[in-house]
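Trainee: Structure below; questions to follow.
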Amino acid sequence: MTHDQPTDLPNAASVALVRDGKVLLIKRAYDPYKGLWTLPGGRLEPGESIEQCAIREIAEEIGVTIRNPRPVMLQALGRDLAFRLQVFVTGDFTGKVVASDEVADHLWVDPTALIALRTTSRLDDVLARAFTILAQS
């Protein structure tokens, strides 16, 4: 018997933090996706739930404490779809954004302005779903 994760379970998490109709995007400082704008997040650590991963990664990457992350979608990323990213959304967070060395830059952006940015694949679709879910809560 192996202890590998089934391929349909997420192995990473990201979070759309929404404030006043804008979402926080980060510009990645390292591979994968170096130089692209995306949502903050990262990889699952052993023994963590995917929600715990999301909370930890946001605290580590941008110094913000999130609460009540709502699942948005599971997105497969990477050349071989190795990243199974569970995307969350929340408007419930505290703290000032203090970027780690993994973050080259950050900004609050209206989703309609994504066209002007180099983003990760399908970020516009992901954010459309995130804003819909947040509006339903």
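The values are calculated or read from the model by the stated rules, or taken from the named source; none is laboratory data. Only a predicted model underlies this, so the values are computations on that prediction, with no experimental measurement involved. So basically every Cβ, Gly included, is an ideal-geometry build from the backbone, and we count neighbours across all protein chains shown.
Trainee: Checking the conditions here, which among Gly47, Gly63 is surrounded by fewer than 19 Cβ atoms within 10 Å (Cβ to Cβ), in contact with a Gly (Cβ under 6 Å, 6 or more places away or on another chain) and free of Cβ contacts under 8 Å to residues at least 60 places away in the same chain?
Mentor: Result of the check over Gly47, Gly63: Gly63.
Trainee: State yes or no: is Leu134 part of a strand (DSSP E or B) and of a type outside the set (S, T, N, Q)?
Mentor: no
Trainee: Please determine, by comparing only the residues of region 88-107 that are in a strand (DSSP E or B) and not hydroxyl-bearing (Ser, Thr, Tyr), which one is surrounded by the fewest Cβ atoms within 10 Å (Cβ to Cβ).
Mentor: Asp105
Trainee: Further question on the same structure: Look through Ala54, Ala76, Ala16 and report the one residue that is among the small types (Gly, Ala, Ser), out of contact with any Leu (no Cβ under 7 Å at 6 or more places or on another chain) and at pLDDT 95 or above.
Mentor: Sole residue among the options that is among the small types (Gly, Ala, Ser), out of contact with any Leu (no Cβ under 7 Å at 6 or more places or on another chain) and at pLDDT 95 or above: Ala54.
Trainee: If you scan region 66-84, which residues turn out to be touching a Pro at 6+ places or on another chain (Cβ under 7 Å) and either assigned to a strand (DSSP E or B) or crowded, with 19+ Cβ neighbours inside 10 Å (or both)?
Mentor: Correct list: Leu74, Arg84.
Trainee: So Cys53 ticks every box in (1) farther than 17 Å from Gly95 by Cα; (2) in contact with a Gly (Cβ under 7 Å, 6 or more places away or on another chain) but one. Which box is left unticked?
Mentor: Here Cys53 clears every test but (2).
Here is a yes/no grid of residues against (1) of a type in the set (Asp, Glu); (2) more than 13 Å from the chain's Cα centre (by Cα); (3) not in a loop (DSSP other than H, G, I, E, B):
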{"site": "Leu24", "(1), (2), (3)": "no, no, yes"}
{"site": "Gly35", "(1), (2), (3)": "no, yes, no"}
{"site": "Glu51", "(1), (2), (3)": "yes, no, yes"}
{"site": "Gln86", "(1), (2), (3)": "no, no, yes"}
{"site": "Thr112", "(1), (2), (3)": "no, yes, yes"}
{"site": "Asp125", "(1), (2), (3)": "yes, yes, yes"}
{"site": "Ala128", "(1), (2), (3)": "no, yes, yes"}
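Trainee: Restricting region 73-84 to residues that are in contact (Cβ under 8 Å) with a residue 40 or more places away in the chain and under 14 Å from the mean Cα position of the chain (by Cα), which is nearest to Arg19 (Cα to Cα)?
Mentor: Ranking the candidates gives Met73 first.
Trainee: Given the structure, is Val18 in a loop (DSSP other than H, G, I, E, B), touching a residue at least 12 places away in the same chain (Cβ under 8 Å) and buried (at least 17 other Cβ atoms within 10 Å of the Cβ)?
Mentor: no
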